[in-house]
Amino acid sequence: MTAEATEPDFDVIVVGAGPAGSVTAYLLAQQGHSVVLIERGEAPGAKNLSGGVLYGRVLDEVFPGFAEEAPVERRITRHVTTFLTGDSSVSVDYAGRPLAEPVNAVTVLRAKFDAWLAERAEEAGVFLMPGVRVDELLREEGPAGPQVVGVRAGDDELRARVVVAADGVNSFLARSAGLRSKPPEHHLAVGVKAVISLPRTVIEDRFAVTGDEGAAHAIVGDCTLGIGGGGFLYTNTDSLSVGVVLRLDDLLKHGRTAAEVFDHYLAHPVLAPYLRGGEMVEYGSHLVAEGGLEMLGSVVTGGMVVVGEAAGLTINSGLTVRGMDLAIGSAVAAARGIGEAIAADDVTATGLSAYRRHLDDSFVVKDLRTYERAPSFLERDRMYGAYGELAAGIFHDVFAMDGTPRKHLVTVAREAFKRSPLRLRDVISDGWAGVRAL
Amino acid sequence: MGGGACTVTSDVTTTSVPERLAKNRFVLDEEESHIEIDQEVCRATGTAARIIAVCPAGVYSEQDGQVVADYAACLECGTCLAVAAPGALRWRYPRGGFGVSFREG
Ligand SMILES: Cc1cc2nc3c(=O)[nH]c(=O)nc-3n(C[C@H](O)[C@H](O)[C@H](O)COP(=O)(O)OP(=O)(O)OC[C@H]3O[C@@H](n4cnc5c(N)ncnc54)[C@H](O)[C@@H]3O)c2cc1C
Ligand code: SF4
């Protein structure tokens with residue numbers, strides 16, 4: 001091969017225009033690098049789906065005041081956590097204006113939001129190639145060992161000094177580079193989601209919010225028929241994002257189909273009143289990584305780094321799924337590390353390990369550490385059935401005026417507990433594990 | 001849409017999966033399927049039942065003892081591949097620009 005043929009076409013190739021890819025590309029272009037952003041969807045966002053609650057702090061650092069300009073749906077000022085049993089529910093409702101200023105969390109719809117992020121990258125000089133699927137990595141033997149030197153898409157080959165794998169949860173690129181293996185089923189969950197349109201005023205009345213305020217409901221228990229995971233119900237401007245997240249190992253164990261669990265959820269008497277009269281305008285599904293820190297694989301190899309969910313960066317605390325903000329946080333760390341590696345003219349694994357250092361210092365890995373035990377805590381079956389029953393039992397006894405004399409709450413709780421299949425030992429163990437995990 | 005009067009009568013909870021999918025935008029690749037099934041491995045490893053259960057779009061079904069994939073309905077989540085035994089499925093993303101195209105997400 002001639003020296004000319006191996007001359008890179010770009011400084012950096014970013015594969016995948018989700019939040020991780022678009023923000024990495026944007027920041028590198030801002031540093032003055034030539035960047036191409038390749039996306040398989042016909043437009044950025046066309047393949048992406050999430051619950052939609054974006055914790056906005058890190059994005060606000062990249063694009064100050066983004067919530068004013070970006071297509072965000074509502075500012076979340078109300079977080080409701082509900083434990084469901086077959087016929088009752090117990091909720092904790094936290095509403096607070098302080099949550100709205102400065103923006104803590106907003107809802108987004110990815111087809112619009114990801115397109116906006118990719119436009120910011122283009123504006124900064126990134127060359128966007130939508131509708132192109134990257135098929136494989138180009139690799140060569142370098143002085144410091146195997147080096148990724150570009151990508152192949154169909155018959156085309158593109159070369160760059162650094163390739164960024166921002167290709168999301170299935171992470172075919174990272175797997176082909178040997179950085180990740182196929183994740184075990186208990187580290188993956190399938191999300192099934194629908195967008196249901198409703199007039200804004202109906203949403204505001206049903207969810208007790210006004211203006212651009214919104215509510216995020218997290219639901220556990222009977223909504224997933226006892227399968228590890230949970231449900232969500234989030235407000236957009238004039239639609240609802242409603243879905244379930246089901247751990248794959250548990251879904252298979254329970255012998256239910258994903259569609260059946262989703263139907264059960266939508267029809268649940270606690271959910272149905274919120275959805276009444278709405279029209280389903282889209283139905284989708286997507287995997288979500290659930291392994292937390294355990295799933296964070298190797299993120300650097302010669303000529304390539306892995307960002308966002310392709311690196312396994314998600315936190316599932318049981319009540320919230322966080323992936324978008326971690327994707328953006330990893331993008332910030334990657335753009336810095338890649339910039340330093342290119343400046344030092346060392347894009348081997350050693351040079352690019354600057355990314356890993358910045359990632360370790362960022363809120364991303366710190367938060368993953370904080371929630372390190374959450375995944376195994378959430379694998380405890382009791383979390384999804386018996387606790388909801390117990391809570392519902394207690395509140396039933398408190399509120400059901402059946403003519404028997406009222407008892408103190410402690411007594412009520414003790415009696416409900418006796419009827420419950422839970423053993424004290426389990427509760428103490430789960431409580432302790434939960435405190436440590438969450 | 002006007003005011004608080006919410007008169008749409010269709011109930012979101014009673015629609016079928018195909019009815020739901022009909023609302024989505026799909027760009028069908030008529031030339032190639034992105035899903036190939038190895039019937040032997042699928043049968044020998046019990047993969048068939050697993051992929052039929054997990055697929056939220058009902059892409060897989062059993063017909064005359066064979067597992068068939070209606071790839072046009074695929075939502076591209078990758079869940080089937082995640083639970084399939086090695087070698088049972090050859091699943092990749094559809095070619096660039098083809099497949100599901102979310103308008104909401
Ligand atoms: C049901 C569900 C609910 C969720 N809820 C939330 C939530 O409320 N809040 C939150 O923060 N996170 C949530 N998440 C997680 C969040 O969606 C992800 O963690 C986040 O999207 C990861 O961003 P990313 O940029 O790393 O990857 P993605 O957003 O998945 O982007 C990857 C991109 O790469 C492209 N691509 C892939 N392969 C190729 C290829 N070969 N060639 C070209 N392009 C390619 C894809 O088309 C895609 O655009 C949820 C996830 C699910 C499934
Ligand atoms: S990728 Fe998802 S939607 Fe497509 S066939 Fe597999 S499980 Fe079904």
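The values are calculated or read from the model by the stated rules, or taken from the named source; none is laboratory data. Predicted model only: the values in this text are computed from it and were never measured. With ideal geometry, Cβ positions are generated from the backbone for all residues, glycine too; neighbour counts draw on all protein chains shown.
Here residue A:128 meets the list (1) out of contact with any Pro (no Cβ under 9 Å at 6 or more places or on another chain); (2) surrounded by fewer than 23 Cβ atoms within 10 Å (Cβ to Cβ) almost entirely, failing just condition (1).
Note on segment B:50-83: residues that are more than 9 Å from ligand 2 (Cβ to nearest atom) and part of a loop (DSSP other than H, G, I, E, B) total 2.
Return yes when residue A:230 is closer than 27 Å to residue A:92 by Cβ, more than 13 Å from every other protein chain (Cβ to nearest Cβ) and touching a helix residue (DSSP H, G or I) at 6+ places or on another chain (Cβ under 7 Å) and no when it is not. Considered against the rule, which asks whether it is closer than 27 Å to residue A:92 by Cβ, more than 13 Å from every other protein chain (Cβ to nearest Cβ) and touching a helix residue (DSSP H, G or I) at 6+ places or on another chain (Cβ under 7 Å), residue A:230 comes out as yes.
In the set (1) touching a residue at least 12 places away in the same chain (Cβ under 8 Å); (2) farther than 26 Å from residue B:60 by Cβ; (3) not in a helix (DSSP H, G or I), residue A:203 fails one condition alone, (3). Restricting segment A:157-174 to residues that are within 11 Å of another protein chain (Cβ to nearest Cβ) and not hydroxyl-bearing (Ser, Thr, Tyr) leaves a set whose member that is nearest to ligand 2 (Cβ to nearest atom) is A:170. Only one entry of B:76, B:40, B:30 meets the criterion of being out of contact with any helix residue (DSSP H, G or I) (no Cβ under 7 Å at 6 or more places or on another chain), free of Cβ contacts under 8 Å to residues at least 12 places away in the same chain and under 28 Å from residue A:39 (Cα atoms), and that entry is B:30.
Quick check on residue A:203: is it of a type in the set (A, V, I, L, M), over 21 Å from the mean Cα position of the chain (by Cα), within 12 Å of chain B (Cβ to nearest Cβ) and more than 20 Å from residue B:100 (Cβ to Cβ)? So residue A:203 passes the test.
For segment B:19-76, enumerate the residues that are under 18 Å from residue B:105 (Cα atoms), crowded, with 17+ Cβ neighbours inside 10 Å and charged (D, E, K, R). Hits for segment B:19-76 are B:20, B:76.
Only a single item in (1) under 30 Å from residue A:297 (Cβ atoms); (2) surrounded by 24 or more Cβ atoms within 10 Å (Cβ to Cβ) is not met by residue A:219, and it is number (1). Residues in segment A:312-330 that are at pLDDT 95 or above, touching a Gly at 6+ places or on another chain (Cβ under 8 Å) and of a type in the set (Gly, Ala, Ser): 3 in all.
For segment A:119-182, the strands (runs of 3 or more DSSP E) that sit wholly inside it and include 3 or more residues that are more than 14 Å from residue A:16 (Cα to Cα) and not aliphatic (A, V, I, L, M) are A:136-142, A:145-153, A:156-165.
For segment B:52-105, the set of residues classified as of a type in the set (S, T, N, Q) and in contact with a strand residue (DSSP E or B) (Cβ under 9 Å, 6 or more places away or on another chain) consists of B:61, B:66, B:79, B:101, listed by residue number. If you filter segment B:13-27 down to residues that are modelled with pLDDT of 85 or more and not in a loop (DSSP other than H, G, I, E, B), you find that the one that is nearest to residue A:205 (Cα to Cα) is B:20. Considering only segment A:306-327, I want to know if a residue exists there that is over 21 Å from residue A:243 (Cα atoms), hydroxyl-bearing (Ser, Thr, Tyr) and touching a residue at least 12 places away in the same chain (Cβ under 8 Å). Within segment A:306-327, not a single residue is over 21 Å from residue A:243 (Cα atoms), hydroxyl-bearing (Ser, Thr, Tyr) and touching a residue at least 12 places away in the same chain (Cβ under 8 Å).
The number of residues in segment A:264-287 that are out of contact with any Phe, Trp or Tyr (no Cβ under 7 Å at 6 or more places or on another chain) and closer than 17 Å to residue B:59 by Cα comes to 4. Would it be correct to say that residue A:386 is among the aliphatic types (A, V, I, L, M) and either at pLDDT 95 or above or surrounded by 16 or more Cβ atoms within 10 Å (Cβ to Cβ) (or both)? In short, yes.
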